[in-house]
Amino acid sequence: MVRGGAPAVRGITPSSLTSNFGNLVSNTPDEQGATMTIITAPQQYNEEQLYVDLNPVIGHSLYLKCEGFNFAGSIKLKAATEMVEAAERDGTLGPGSILVESSSGNLGVALSMIAANKGYGFVCVTDSRCNLATRLMMEALGAQVHTITEPHPETGMLGARINHVQTLLASDPRYVWLNQYENPNNWKSHYNRTAPAIAREFPNLDVLFVGAGTTGTLMGCARWFKQHRPNVRIVAIDTVGSVTFGTPAARRMIPGLGTSIRPAHLDESYIDEVIHVEEADTIRTCHQLARTGFLFGGSTGTVVSGAKTWLNQHDMGTITAAALAPDLGERYLETVYQTNWVQDLYGDDILNTNQLTTQAA
Ligand SMILES: Cc1ncc(COP(=O)(O)O)c(C=O)c1O
C-alpha cells in the first residue's frame with residue numbers, strides 16, 4: 001500500500017500474483033509464507049498489484065498499473081469475463097452458442113481464450129488496423145477472424161464492423177453479441193475490480209489517468225471514484241482524431257484508444273479533464289519507455305504521454321498519480337516498434353535518438 005507520495009518498496013513475490021476471477025483458484029502458502037497459485041482455467045489468473053513508478057522516465061512519480069499480466073495479455077480480460085459470466089447467468093449464452101464481437105484486438109483475444117476454455121464458438125470482427133500477432137493469437141485459440149477493410153462513409157471502420165456483426169446475427173440464431181460498446185458489464189468490471197484495487201493501494205491518490213476506447217475502463221473507474229473518493233481527479237486520455245469527446249475524426253493507426261462513433265458508455269459528468277495526444281507523441285513515449293526496458297503497448301504510450309503533459313503543468317512534487325497500462329508491447333512489434341512502419345506514417349525524425357533519451361523533459 002502506498003501512503004502519500006512515497007511507495008512502500010515491494011518486490012515481486014509469488015504472493016503478489018493473485019487471481020480475481022472465480023473461486024477455483026488455490027492459493028497455498030509454502031513454508032516461507034509465499035503463496036503458490038493453482039488454476040484450472042486461464043481466465044482465473046490476473047496480476048492486480050503490479051505498478052511501475054515512472055519517475056526515472058518522466059520526472060514525476062506516476063504509478064503505472066500494469067494490466068497485461070494475464071493469459072489474455074490485456075485489461076480486456078476483465079470486461080470479457082464479466083460480460084460472459086453475466087450472459088451465462090441470464091441465459092443469453094449457453095451450450096451451442098457462438099459468440100460474435102467487434103474488437104480492435106484485445107477483447108477478441110480475451111474472448112477467444114474464454115470461448116476456447118468454455119467450449120463456445122467465437123467470431124471476432126476486426127479491421128485492418130488489428131495487429132498481425134493479435135489476429136494470429138485469436139486464430140491459435142480457435143476463433144474465426146473477419147477483417148473489415150473498408151470504412152463506412154459516415155461511421156468509419158467501427159460502423160462497418162458493427163454492420164458486419166448485425167449481418168452475422170441475422171444469419172444464424174446461434175450467434176450471441178455481448179456488445180462491449182453498450183453492455184454495462186464492460187464498465188462494471190472496472191467498477192468492481194480495477195478502481196477498488198487502485199484505491200486500496202493508494203489511499204491518498206490525487207489523480208488517475210485512464211485511456212478511452214469503449215470508455216468501459218474510464219467509466220467504471222470514474223463512477224467508482226466519484227462515489228467513494230470524490231476528491232480524486234479523473235483525467236481521460238484520448239487520441240487526436242477520435243470523436244469520443246466531440247473533436248473531429250482524423251486518421252488513427254494505433255488500436256486500443258479512440259473511436260469513430262461516440263461511445264454509448266460515456267457520461268462526461270464523471271470526467272474532470274480530457275487530454276488529447278498526437279499519435280507521434282504516443283510513438284515517442286513508447287520508444288522512450290522501451291529504452292528503459294519497459295515494452296508497453298501503444299495505448300500505454302498515449303496514456304503516459306498525456307499524463308506527463310498534465311503532471312508537467314500541475315505537479316510540484318507532491319501529487320500522487322496513477323495511470324493504467326492496458327497491455328504490453330509484443331503485439332506491437334510490427335507497428336509501434338517497427339522503424340519503417342513508424343517513419344512511413346509519422347516522418348523520418350520521429351525516432352530521433354536525442355528526443356528518446358531525453359528523460360523527464
Ligand atoms: C490496448 C488497449 N488499450 C485501451 C483500451 C481501451 O479500453 P476501454 O475499451 O475500456 O476504453 C483497449 C480496448 O480495447 C485496448 O485494447
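The values are calculated or read from the model by the stated rules, or taken from the named source; none is laboratory data. These figures come from a predicted structure and were not determined experimentally. All Cβ positions, glycine included, derive from the backbone under ideal geometry; neighbour counts span all protein chains shown.
Numerical summary
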item: Unique residue being modelled with pLDDT of 95 or more and buried (at least 22 other Cβ atoms within 10 Å of the Cβ) when the list is GLY68, GLY96, GLY91; result: GLY68
item: Exclusive hit being among the hydrophobic types (A, V, I, L, M, F, W, C), within 13 Å of the ligand (Cβ to nearest atom) and not assigned by TED's automatic domain parsing to the domain that holds THR92, set PHE225, PHE245, PHE202; result: PHE245
item: Top-ranked residue in the range 307-333 [being part of a strand (DSSP E or B) and more than 10 Å from the ligand (Cβ to nearest atom); ranked as farthest from CYS130 (Cα to Cα)]; result: ALA321
item: Selection within the range 134-166 - out of contact with any His (no Cβ under 8 Å at 6 or more places or on another chain), not β-branched (Val, Ile, Thr) and not in a helix (DSSP H, G or I); result: LEU141, GLY142, ALA143, GLN144, GLU150, PRO151, HIS152, PRO153, GLU154
item: The one condition in (1) farther than 29 Å from ASP344 by Cβ; (2) within 12 Å of the ligand (Cβ to nearest atom); (3) in a loop (DSSP other than H, G, I, E, B) that ASN231 fails to fulfil; result: (2)
item: Within the range 198-257, tally of residues that are under 21 Å from GLN49 (Cβ atoms) and in contact with a Lys or Arg (Cβ under 8 Å, 6 or more places away or on another chain); result: 9
item: Helices (runs of 4 or more DSSP H) fully within the range 18-126 counting 1 or more residues that are of a type in the set (Ser, Thr, Tyr) and within 15 Å of the ligand (Cβ to nearest atom); result: 76-89, 106-118
item: Failed criterion for SER299 (all others in (1) part of a helix (DSSP H, G or I); (2) touching a helix residue (DSSP H, G or I) at 6+ places or on another chain (Cβ under 6 Å); (3) closer than 18 Å to VAL342 by Cβ hold); result: (2)
item: Options THR214, THR147, THR239: the member that is of a type in the set (Ser, Thr, Tyr), at pLDDT 95 or above and away from the ligand (no atom under 13 Å from the Cβ); result: THR147
item: Those residues of the range 171-216 which are under 20 Å from CYS124 (Cβ atoms), over 14 Å from the mean Cα position of the chain (by Cα), assigned to a helix (DSSP H, G or I) and in contact (Cβ under 8 Å) with a residue 60 or more places away in the chain, in sequence order; result: ASN185
item: Among the candidates VAL304, VAL342, VAL336, residue that is within 14 Å of the ligand (Cβ to nearest atom), in a helix (DSSP H, G or I) and modelled with pLDDT of 95 or more; result: VAL304
item: Residue that is modelled with the lowest pLDDT, among those in the range 124-144 that are touching a strand residue (DSSP E or B) at 6+ places or on another chain (Cβ under 7 Å) and of a type in the set (D, E, K, R); result: ASP127
item: Per-region count, the range 242-265, residues at pLDDT below 95, closer than 21 Å to SER74 by Cβ and either among the β-branched types (Val, Ile, Thr) or in a helix (DSSP H, G or I) (or both); result: 2
